[in-house]
Amino acid sequence: MNRFNDLRQKMNSEYRETVQRRYYTVTGENPNEKIMDNLIATGESETFLQKAIQEQGRGHVMDTIMEIQEMHDAVKEMEKNMRELHQVFMDMAVLVQGQGEQLNDIESHVNRANSFVRGGTQQLEVARKHQKNIKKIISAGRQGRGGVG
């Protein structure tokens with residue numbers, strides 16, 4: 001039963017919005033609650049637009065309809081532009097994510113290169129020590145053979 005009442009309230013609300021739009025389209029003003037209640041209670045809401053066409057002439061109503069159509073087209077264009085803008089941001093997000101992965105790879109390579117440089121520096125220090133020791137041995141060997149060199 002609650003679902004039925006909810007549906008009924010929703011339908012009434014949508015109908016009130018439709019009547020309000022019709023009234024605004026014809027008069028250019030938003031109706032107050034009293035006018036809305038009167039239009040719905042008397043059933044005039046159904047004939048209101050037709051009466052307006054007959055009373056005000058087709059030209060004015062057609063102008064209003066054209067204005068509404070132009071606004072509708074403008075809204076559609078804005079929606080299209082918003083979708084395109086959304087797509088641009090989605091593409092940028094993918095690019096930024098890809099760049100993040102590339103930065104992580106670069107950082108990994110820099111850390112690895114740093115490790116190699118440290119290892120190379122240590123090996124150079126060991127090589128210098130070996131070189132000094134070899135020079136000492138050669139120098140001691142020459143001195144041991146009588147200083148001929």
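Residues of the range 7-26 falling in the label zone of Ile40, defined by backbone nitrogen less than 18 Å from a point 7 Å along Cα to beta-carbon, are 7-25. Taking every alpha-carbon pair in the chain and binning the separations at 5 Å intervals from zero gives 2, 7, 7, 8, 7, 6, 6, 5, 5, 4, 4, 3, 3, 3, 3, 3, 3, 3, 3, 3, 2, 2, 2, 2, 2, 1, 0 percent.
Taking the inverse of the mean reciprocal distance over all distinct Cα pairs, the Kirkwood hydrodynamic radius of the range 1-56 comes to 12.0 Å. In this simple spin-label approximation, Gln123 and Glu77 carry label points 7 Å from Cα along the Cα→Cβ vector, and these lie 6.8 nm apart.
In this Cβ point-charge picture (+1 for Lys and Arg, -1 for Asp and Glu), the chain has a dipole of about 2700 debye about its Cα centre.
When the Gaussian network model of the chain links Cα atoms closer than 10 Å, the mean-square fluctuations of Gly100, Gly120, Gly43 top out at Gly120. Across the range 124-133, computed HN-Hα scalar couplings (Karplus, 6.51 cos²θ - 1.76 cosθ + 1.60, θ = phi - 60°) run 5, 5, 5, 5, 5, 4, 4, 4, 4, 5 Hz from first to last residue, x flagging Gly and Pro. Mean residue ellipticity at 222 nm, helices only, the chain: -33500 deg cm²/dmol; runs of at least 4 DSSP H residues each add -39,500 (n - 2.57), and the sum is divided by the number of residues. For the chain, the relative contact order works out to 12 percent when only alpha carbon pairs closer than 8 Å and six or more residues apart are counted.
Readers should treat all values here as calculations from the given coordinates under stated rules, not as data from a laboratory. All figures in this text were calculated on a predicted structure; none of them were measured in a lab. In this analysis, Cβ positions are derived from the backbone assuming ideal geometry, glycine residues included, and neighbour counts consider all displayed protein chains.
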